[in-house]
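Structure first, commentary second.
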Amino acid sequence: SAKLSKGKKLSGDIAFKLYDTFGFPVDLTQDALKAKGIGVDMGVFEACMEKQREQARKNWTGAGGAATEKLWFEILEQCGPTEFLGYSSEIAEGQILALIKDDKKVEQAKADDEVRIITNQTPFYGESGGQVGDSGIMLTPAGDTVEIIDTKKTLGQLWIHVGKVTKGKISAKEAVEMRVDARRRTAIRANHSATHLLHEALRRVLGDHVAQKGSLQDENRTRFDISHPKQITADELQKIEKIVNDEIRANTEVVTRVMPLDEARETGAMALFGEKYDDEVRVVSMGTKAGGANKVFSVELCGGTHARRTGDIGRLKIISEGSLSAGIRRVEAVTGARADAYEAQKDQTAKEAQNKLAAENKRLRDELKSLGGAPAAPDGDTEKENRRLEKEIGDLRRKNATQSTDQVKTIGGVKFTGRVLDGFPAKDLKPMVDDLKSKIGSGVVALIATSEGKASLVVGVTDDLTGRVSAVDLVKVGAEVLGGKGGGGRPDMAQAGGPNAAAANDAVIAIEKALAS
């Protein structure tokens with residue numbers, strides 16, 4: 001915002017990046033900039049959101065269209081399933097079994113080629129169960145390098161490494177070392193484990209009707225969709241957060257067991273929305289035991305990667321809650337360092353807002369004193385006090401500006417008073433015009449308020465003269481001099497404005513001439 005001036009707008013795509021990449025809600029961005037008089041281009045932001053939704057709708061459920069799916073079936077039949085090593089390893093060796101470029105198998109790929117790679121085994125997690133795919137690098141013994149930007153899982157058995165050759169060349173059947181981006185994986189694991197704790201906390205606070213309807217866990221945040229018929233209140237969200245953070249602080253071990261599906265169901269493990277399970281499943285348990293019970297806080301069927309202990313999550317902060325569709329709510333949260341950063345930004349925004357309120361309070365008190373008023377003692381609520389001071393100042397301004405009728409002259413048999421009020425709030429003009437109309441009894445009043453180079457004009461005509469003189473006609477004359485267009489209202493009261501405050505006195509003279517003609 002340092003490069004943006006008051007009245008400008010932050011680009012919507014930057015606001016979207018803050019949300020999508022860093023988990024920073026757009027309403028908090030708006031709050032942070034509001035204090036500086038800067039808005040957010042919500043039209044562009046919403047367009048970016050819609051583009052993301054559209055892309056999500058187009059995303060493959062497996063790994064491509066019909067032609068590509070046929071290719072994956074052929075590769076699976078020829079090479080067999082990929083062995084996933086990522087639960088215990090983030091670095092592993094393997095062999096390239098298939099190299100795909102432009103949806104076709106190739107023997108070799110060179111620098112800058114975009115490729116998809118199938119290996120016999122991999123430590124890279126393939127996107128599934130709401131958890132995003134891993135990124136990292138692949139290296140040949142000669143040092144040739146592929147940047148892996150995503151990992152997909154298709155046909156339930158085949159891991160597809162999506163990447164770009166960044167150095168040298170790679171060949172099919174070549175041995176490679178695979179290194180997962182460990183820092184990113186750690187953040188993803190923390191968010192996925194937090195999702196399990198969040199799921200159970202939602203059920204405990206809102207009720208057993210809560211069921212998962214979708215989720216996303218990446219390195220930035222966890223997004224969780226649930227069945228719930230109404231908005232989750234601030235008090236409920238606070239309780240949910242506390243329950244989760246109590247479990248995080250307990251720092252219990254996250255235990256994963258592999259067992260037959262029927263046995264897992266007998267343990268009471270919750271199945272996740274939209275997941276298909278093999279005969280043998282992974283049961284992930286975490287959290288404390290309640291009241292001596294054997295069952296721990298959270299037990300779910302899950303194929304994702306997780307933190308080793310709940311304390312590794314750090315903390316959880318819910319950053320948004322809203323409606324996704326009828327009966328479906330979306331909760332978004334951040335963990336660890338991102339939760340700390342979110343709270344720090346929130347505190348900073350609140351501090352800046354408070355400082356601004358205090359500065360405005362001092363300015364208002366000084367202005368009230370200069371107008372002859374006596375400010376009351378502060379009552380502790382600065383925002384409420386500022387509203388009261390603004391009202392008192394407005395009343396005093398009007399009183400001071402209308403207590404004298406020395407400027408009244410007679411033009412064509414009609415009393416007229418016209419005044420230019422520098423730095424005067426436009427909203428106070430109409431009440432002042434009414435006051436002056438009452439004081440002169442019969443006549444015409446024209447007041448112009450100027451501020452920051454612009455002018456606001458109000459013309460009033462007492463009721464006994466509206467048959468002869470129209471406030472609408474006179475205000476249009478003044479608006480033209482001020483560089484404005486038109487103006488409108490009623491025969492007894494009309495208003496207009498213009499960008500040329502320097503011509504305010506000329507506008508009053510123009511209205512006098514129109515009244516005389």
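The values are calculated or read from the model by the stated rules, or taken from the named source; none is laboratory data. Owing to the predicted nature of the structure, the values given are computational and were not obtained by experimental measurement. When we count neighbours, we look across all protein chains shown, and the Cβ atoms used for this are built from the backbone with ideal geometry, even at glycine. Keep in mind that these areas ignore ligands, DNA and RNA; they rest on the heavy atoms of the full protein, side chains included. Shrake-Rupley method; radii C 1.70, N 1.55, O 1.52, S 1.80 Å.
The table below gives the values:
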quantity	calculated
Residue ID - farthest from residue 97 (Cα to Cα), chosen from residues in region 139-174 that are over 38 Å from the mean Cα position of the chain (by Cα) and touching a residue at least 60 places away in the same chain (Cβ under 8 Å)	169
Where a residue in region 409-423 is in a strand (DSSP E or B) and its partner, wherever it lies, is of a type in the set (Phe, Trp, Tyr) and modelled with pLDDT of 90 or more, with Cβ under 8 Å and at least six apart	409/416; 410/416
Any hit, region 8-18, residues being over 29 Å from residue 188 (Cβ atoms), in a helix (DSSP H, G or I) and either modelled with pLDDT of 75 or more or open to solvent by 70 Å² or more (accessible area, probe 1.4 Å) (or both)	no
Only listed residue being at pLDDT 90 or above, in a helix (DSSP H, G or I) and surrounded by fewer than 14 Cβ atoms within 10 Å (Cβ to Cβ), chosen from 52, 78	78
Lone qualifier among 444, 459, 477 - being under 47 Å from the mean Cα position of the chain (by Cα) and at pLDDT 95 or above	459
Candidate set: region 213-245, residues that are touching a residue at least 12 places away in the same chain (Cβ under 8 Å) and more than 17 Å from residue 322 (Cβ to Cβ); chosen: the one most open to solvent (accessible area, probe 1.4 Å)	239
Hits in region 434-475 - residues which are assigned to a strand (DSSP E or B), open to solvent by 10 Å² or more (accessible area, probe 1.4 Å) and farther than 17 Å from residue 488 by Cβ	450, 451, 454
Single residue of region 90-110 satisfying the filter (open to solvent by less than 40 Å² (accessible area, probe 1.4 Å) and under 39 Å from the mean Cα position of the chain (by Cα)) that is farthest from residue 282 (Cα to Cα)	100
Conditions (1) aliphatic (A, V, I, L, M); (2) without any contact (Cβ under 8 Å) to a residue 40 or more places away in the chain; (3) crowded, with 16+ Cβ neighbours inside 10 Å: number failed by residue 117	(2)
Condition check for residue 193: assigned to a strand (DSSP E or B), in contact (Cβ under 8 Å) with a residue 12 or more places away in the chain and hydroxyl-bearing (Ser, Thr, Tyr)	no
Verdict on residue 370 being open to solvent by less than 40 Å² (accessible area, probe 1.4 Å) and polar (S, T, N, Q)	no
